[in-house]
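The values are calculated or read from the model by the stated rules, or taken from the named source; none is laboratory data. Computed from a prediction, not measured in an experiment: that's the story for all the values here. Note that each Cβ is placed from the backbone with ideal geometry, even for glycine, and that neighbours are counted across all protein chains shown. Just the protein is used for accessible areas: all its heavy atoms, side chains included, with ligands, DNA and RNA removed. Shrake-Rupley method; radii C 1.70, N 1.55, O 1.52, S 1.80 Å.
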Amino acid sequence: MVYLRASERTPLLIGAQLSYLAASRVGARHGQAILLFVGMMINYFQRVNISAAIVPMTQLTAGAPYYDWDLAEKSLILSSFFWGYVLSQVPSGLLAKRFGAKYVISLATAAGGILCFFHPLAAEGGWINICVLRVLTGLVQGSVYPCVHTLLSKWVPRTERGFLTTGIYSGAQFGTAVILVSSGDIFESSMGWPGLFYISGGLSLAWALLFLWQGANEPATSRNISKIEREYIESLTGSNNSGQSLPVPWMSIFSSSAFYGLLAAHCGFTWGFYTLLTEMPTYMSKVLKLNVKSNALLSSLPYFAMGVLCFVVSPISDLLINRGSITVTTARKLFNSIGQWVPMGCLIGLGYMTADEKTGAIVLLTLAVGINAACFCGYLVNHMDLSPNFAGPMMGVTNGLAGVTSIVAPLVVGAILTDEEDPTQWRIVFFITGGIYLLCNALFVLLGKATVQPWNDPPSVSSTTTLRNNLHVDSRTIAPIDSKEDRF
């Protein structure tokens with residue numbers, strides 16, 4: 001049995017009995033995970049609604065406004081979200097660290113919901129007005145990932161990091177799938193395409209109020225947590241309880257090769273994911289010749305597949321690590337490679353599909369997006385591996401820089417596609433995306449690590465110092481080990 005000190009004042013028992021009791025029960029951390037899962041879904045409603053709505057907005061349909069926007073204008077609309085998204089990443093991470101991620105993400109979600117209500121009105125004034133609203137939506141949405149990562153660094157024990165983190169972030173895929181699959185019925189209802197924005201806005205406001213009421217920045221401030229669970233979480237997160245007052249070691253972060261490996265993997269995932277997210281409805285409509293309702297249903301299929309696969313790959317990752325079968329670093333690189341290199345092969349095959357091969361094209365698209373789920377056990381949890389205390393600000397940096405690819409990708413597609421119905425032009429789009437997957441994951445394999453970095457710790461003794469001394473963070477197990485000092 002082992003004592004692991006969370007601080008000089010509080011010795012915490014995390015031996016077999018405490019670990020078993022806390023880990024085997026459904027607790028407050030699972031309630032927080034469910035809230036954040038729903039929050040990810042609803043925030044992705046705000047993000048994805050324009051990708052689904054852009055098709056009926058630019059097609060003549062009964063009972064709904066129609067706008068004659070050309071390819072370049074549609075590409076600008078789809079990319080404009082990320083202009084604001086990139087700018088707010090780092091400030092959002094710092095605000096979450098300073099004032100608490102609970103308040104930042106709640107206010108941002110509410111603001112994004114209000115902006116949703118104005119989209120139909122803005123469209124009447126022209127595509128530039130829509131671009132302005134998408135930039136503003138991007139600004140508030142830029143807080144989501146830094147805030148969620150800040151919360152996860154406080155709430156998720158290392159032994160459950162793959163499952164709970166992946167489960168929460170799978171809300172993005174389920175949110176994407178739900179908005180796409182329901183959009184066809186909404187478009188054909190009396191509300192028309194404007195209804196998609198009204199529903200997104202209403203749900204956003206409801207979740208923001210719920211999370212302000214039931215959410216918590218960390219276990220110590222939760223009203224619904226037991227003492228055993230709180231001690232279990234605090235001992236196995238590696239995040240210092242005084243982390244809000246720690247200065248961010250920017251120079252150390254930007255001189256870390258592991259950080260650049262993580263950044264490359266994040267950029268590769270983002271380019272591929274958002275290229276398909278923004279362009280898939282158009283591809284299915286123009287190349288595969290699917291109608292609006294069929295397009296909506298089939299466009300959602302890859303994201304349902306990705307959401308389900310999140311709950312398949314994450315327990316496997318945690319099991320392999322916790323049993324000591326592979327190291328944490330090996331697990332991160334293995335699953336990230338599956339999540340980027342397998343989709344690369346699918347996209348190469350997709351480049352040779354035509355309208356006569358609808359089934360094969362849909363299968364490859366589903367695999368290309370669905371298998372991305374493995375990346376959630378790769379680069380996405382790696383911020384917390386490297387620095388539990390600064391996972392939020394680090395996510396702000398990598399997500400902000402990766403967001404630049406989200407701006408560039410739709411513009412590159414718009415420049416390539418002079419004829420949206422030409423499969424050979426789409427082949428170029430898919431080949432470029434596959435090449436980016438290949439390069440970015442190769443950099444992660446070469447440079448990536450999954451050990452807590454020295455710059456994570458404050459100068460004084462902290463929980464992370466003791467944690468790293470007592471855990472084989474990147475060895476064959478992450479379970480506590482006996483030492484002469486801590487044994488009894």
Here are Leu365, Leu297, Leu276: which of them is touching a Cys at 6+ places or on another chain (Cβ under 8 Å), part of a helix (DSSP H, G or I) and at pLDDT below 90? Leu365
Those residues of segment 339-362 which are surrounded by fewer than 19 Cβ atoms within 10 Å (Cβ to Cβ), of a type in the set (A, V, I, L, M) and modelled with pLDDT of 90 or more, in sequence order: Val342, Ile348
Out of all the residues in segment 96-109, which are under 19 Å from the mean Cα position of the chain (by Cα) and either under 11 Å from Gln46 (Cβ atoms) or modelled with pLDDT under 90 (or both)? Ala96, Lys97, Ala108, Thr109
Taking Leu290 as the residue in question, decide whether it is farther than 23 Å from Ser170 by Cα and open to solvent by less than 60 Å² (accessible area, probe 1.4 Å). yes
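Checking the condition touching a residue at least 12 places away in the same chain (Cβ under 8 Å) and either aromatic (Phe, Trp, Tyr) or closer than 17 Å to Met394 by Cα (or both), which residue from Leu152, Leu164, Leu139 passes? Full working, then the answer.
Working: Leu164 fails: either aromatic (Phe, Trp, Tyr) or closer than 17 Å to Met394 by Cα (or both); Leu139 fails: either aromatic (Phe, Trp, Tyr) or closer than 17 Å to Met394 by Cα (or both).
Answer to the check: Leu152.
Check Leu203, Leu236, Leu246 and return the single one that is touching a Pro at 6+ places or on another chain (Cβ under 9 Å) and crowded, with 18+ Cβ neighbours inside 10 Å. Give the derivation first.
Numbers: Leu203 fails: touching a Pro at 6+ places or on another chain (Cβ under 9 Å); Leu246 fails: crowded, with 18+ Cβ neighbours inside 10 Å.
Step by step, each of Leu203, Leu236, Leu246 is checked, and only Leu236 is touching a Pro at 6+ places or on another chain (Cβ under 9 Å) and crowded, with 18+ Cβ neighbours inside 10 Å.
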Number of the exception - Leu319 against (1) open to solvent by 50 Å² or more (accessible area, probe 1.4 Å); (2) within 19 Å of the chain's Cα centre (by Cα); (3) not acidic (Asp, Glu): (2)
Number of positions in segment 56-98 that are free of Cβ contacts under 8 Å to residues at least 40 places away in the same chain and touching a helix residue (DSSP H, G or I) at 6+ places or on another chain (Cβ under 6 Å): 0
Check Ile225, Ile186 and return the single one that is modelled with pLDDT of 85 or more and touching a Leu at 6+ places or on another chain (Cβ under 6 Å). Ile186
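Would you point out the residue of segment 438-458, among those that are farther than 25 Å from Ile321 by Cα and assigned to a helix (DSSP H, G or I), that is most open to solvent (accessible area, probe 1.4 Å)?
Leu439
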Tell me, yes or no, whether segment 82-103 has at least one residue that is farther than 26 Å from Leu246 by Cβ, small (Gly, Ala, Ser) and surrounded by fewer than 17 Cβ atoms within 10 Å (Cβ to Cβ). no
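Among the residues of segment 156-174, what is the count of those that are more than 12 Å from the chain's Cα centre (by Cα) and open to solvent by less than 10 Å² (accessible area, probe 1.4 Å)?
4
Residues are listed down the side, and each one gets a yes or a no for (1) free of Cβ contacts under 8 Å to residues at least 24 places away in the same chain; (2) open to solvent by 30 Å² or more (accessible area, probe 1.4 Å); (3) of a type in the set (A, V, I, L, M, F, W, C); (4) under 30 Å from Thr327 (Cβ atoms):
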{"residue": "Thr366", "(1), (2), (3), (4)": "no, no, no, no"}
{"residue": "Cys375", "(1), (2), (3), (4)": "no, no, yes, yes"}
{"residue": "Asn382", "(1), (2), (3), (4)": "no, no, no, yes"}
{"residue": "Val397", "(1), (2), (3), (4)": "no, no, yes, yes"}
{"residue": "Ile416", "(1), (2), (3), (4)": "yes, yes, yes, no"}
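Restricting attention to segment 401-414, does a residue exist that is over 13 Å from Gly272 (Cα atoms), out of contact with any Leu (no Cβ under 9 Å at 6 or more places or on another chain), of a type outside the set (Asp, Glu) and touching a residue at least 40 places away in the same chain (Cβ under 8 Å)?
Looking through segment 401-414, none of the residues is over 13 Å from Gly272 (Cα atoms), out of contact with any Leu (no Cβ under 9 Å at 6 or more places or on another chain), of a type outside the set (Asp, Glu) and touching a residue at least 40 places away in the same chain (Cβ under 8 Å).
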Among the residues of segment 175-196, is there at least one that is open to solvent by 60 Å² or more (accessible area, probe 1.4 Å) and part of a loop (DSSP other than H, G, I, E, B)? yes
